[in-house]
Amino acid sequence: MKDLPINLLRTFVVVADTLNLTEAARRLHKAPSTVSMQLNRLEDLIANPLMRRGQHGVSLTAAGLQLKAHAQQLLNLHDQIVGSFQNIEINGKVRLGTHDQYASRTLAPLLQEFILSYPEAELEVYCDHRPEYLIDMLNNGKLDIALVEMLADSEGGTRLRRDELVWVSGRDHVINYEQTLPLATFDEGCCHRWYACQALDKANIPYRVSFISQSRTGVLAAVRAGIGVGIIPTHSVEDDLLVIREELPPLPETEVTLFIAANVNEATRRLEAIIEENPLFRIEENQ
């Protein structure tokens, strides 16, 4: 069998993750035609179709599913080997503070990229739902970098992406808006909870907090179970959630914001660059 080029496998994995050629091309900074050409070349080398292309995206064939698992392992090992030689001088501790909704979703592949690229760095991640608390930790020397969600147009930090908070419920549950509205939220100190309560008070809509969790997974599990209505950014709405717009008051816009301490080490600067340069966080890609 012929060798499989790393660049083709990397393109394939991104397409396999997104199941959308346009989105994959955006993440890879390539033209869609280039992505298609690379997939065709990889299929020729494998001698098997890897994807079925349709009007609404792509789906993996049995061969594609098999290759995806192997390709990701190979890419991880490749990046770890390259990183161990190219970035061996980049070391030291990196203390990142962030919201659980970023650590468990958007940040996960970026943190993996950082660990593989800079194996000598020591990454520590601290999750908390209170942005001001994380910023205080950074100012007090307990964190090196913080990725938090701030009210749009507030001051401080580097703004990466503007988003809108929305009310969500489980698709299989009907909310009775004539009764006291149940809320599934993080604990006190969460800006989502504060914005939601302020909007409901202003609209004279009675509510109660029916479920409290320290994690995004817990809050959304309660929403899916019909225990309460949740408040999340638009970009994190999943297919089994229903956005509520007409029945409840609008919520404010927010911005994903990156704070970094003074006099940080080079490893922290490299993580800052990975976050800022990623298409998921670039302002021009998300407005």
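Structure data summary
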{"item": "Some residue of the stretch 224-231 being within 21 Å of L134 (Cα to Cα) and in the same structural domain as W167 (by TED's automatic domain parsing)", "result": "yes"}
{"item": "Restricting the stretch 165-187 to residues that are within 21 Å of the chain's Cα centre (by Cα) and among the polar types (S, T, N, Q), the residue that is surrounded by the most Cβ atoms within 10 Å (Cβ to Cβ)", "result": "T185"}
{"item": "Answer residue from the stretch 109-137, given it is of a type in the set (A, V, I, L, M) and buried (at least 21 other Cβ atoms within 10 Å of the Cβ) and is nearest to the chain's Cα centre (by Cα) among those", "result": "L134"}
{"item": "Of residues in the stretch 188-207 being among the small types (G, A, S) and under 21 Å from E132 (Cβ atoms), the one surrounded by the fewest Cβ atoms within 10 Å (Cβ to Cβ)", "result": "G189"}
{"item": "Among (1) more than 12 Å from A71 (Cβ to Cβ); (2) over 21 Å from the mean Cα position of the chain (by Cα), the one test that L9 misses", "result": "(1)"}
{"item": "Residues that are assigned to a strand (DSSP E or B) and free of Cβ contacts under 8 Å to residues at least 24 places away in the same chain, drawn from the stretch 165-200", "result": "none"}
{"item": "Where Q214 falls short, out of the listed (1) under 23 Å from A152 (Cβ atoms); (2) in contact (Cβ under 8 Å) with a residue 60 or more places away in the chain", "result": "(1)"}
{"item": "Test: L21 is in the same structural domain as H70 (by TED's automatic domain parsing), buried (at least 16 other Cβ atoms within 10 Å of the Cβ) and within 23 Å of N278 (Cβ to Cβ)", "result": "yes"}
{"item": "Residue that is farthest from R95 (Cα to Cα), among those in the stretch 126-152 that are in a loop (DSSP other than H, G, I, E, B) and touching a residue at least 12 places away in the same chain (Cβ under 8 Å)", "result": "A152"}
{"item": "Residue list for the stretch 19-50, filter: at pLDDT below 90 and in contact with a Gly (Cβ under 8 Å, 6 or more places away or on another chain)", "result": "L19, N20, L21"}
{"item": "Residue in the stretch 148-164 that is surrounded by the fewest Cβ atoms within 10 Å (Cβ to Cβ), counting only those that are of a type outside the set (A, V, I, L, M, F, W, C) and under 18 Å from the mean Cα position of the chain (by Cα)", "result": "E164"}
{"item": "Filtered residue count, the stretch 154-180, keeping only those that are aliphatic (A, V, I, L, M) and over 27 Å from P279 (Cβ atoms)", "result": "2"}
{"item": "Selected residue (criterion: farthest from F186 (Cα to Cα)) from residues of the stretch 84-95 that are touching a helix residue (DSSP H, G or I) at 6+ places or on another chain (Cβ under 7 Å) and buried (at least 17 other Cβ atoms within 10 Å of the Cβ)", "result": "N87"}
{"item": "Test set (1) over 16 Å from F281 (Cα atoms); (2) free of Cβ contacts under 8 Å to residues at least 60 places away in the same chain - A103 fails condition number", "result": "(1)"}
{"item": "Members of the stretch 234-275 that are part of a helix (DSSP H, G or I) and either touching a Ser or Thr at 6+ places or on another chain (Cβ under 7 Å) or outside the structural domain of L147 (by TED's automatic domain parsing) (or both)", "result": "T234, H235, S236"}
{"item": "Checking L67 against (1) crowded, with 19+ Cβ neighbours inside 10 Å; (2) more than 28 Å from P119 (Cα to Cα), the condition it does not meet", "result": "(2)"}
{"item": "Failed item in (1) within 19 Å of I274 (Cβ to Cβ); (2) buried (at least 18 other Cβ atoms within 10 Å of the Cβ); (3) out of contact with any strand residue (DSSP E or B) (no Cβ under 9 Å at 6 or more places or on another chain), with H99 passing the rest", "result": "(3)"}
{"item": "Conditions (1) modelled with pLDDT of 90 or more; (2) farther than 15 Å from L280 by Cα; number of the one not met by V148", "result": "(2)"}
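The values are calculated or read from the model by the stated rules, or taken from the named source; none is laboratory data. Please read all numbers here as calculations on a predicted model, not as lab measurements. Reconstructed Cβ throughout: ideal geometry from the backbone, glycine too, with neighbour counts over all protein chains shown.
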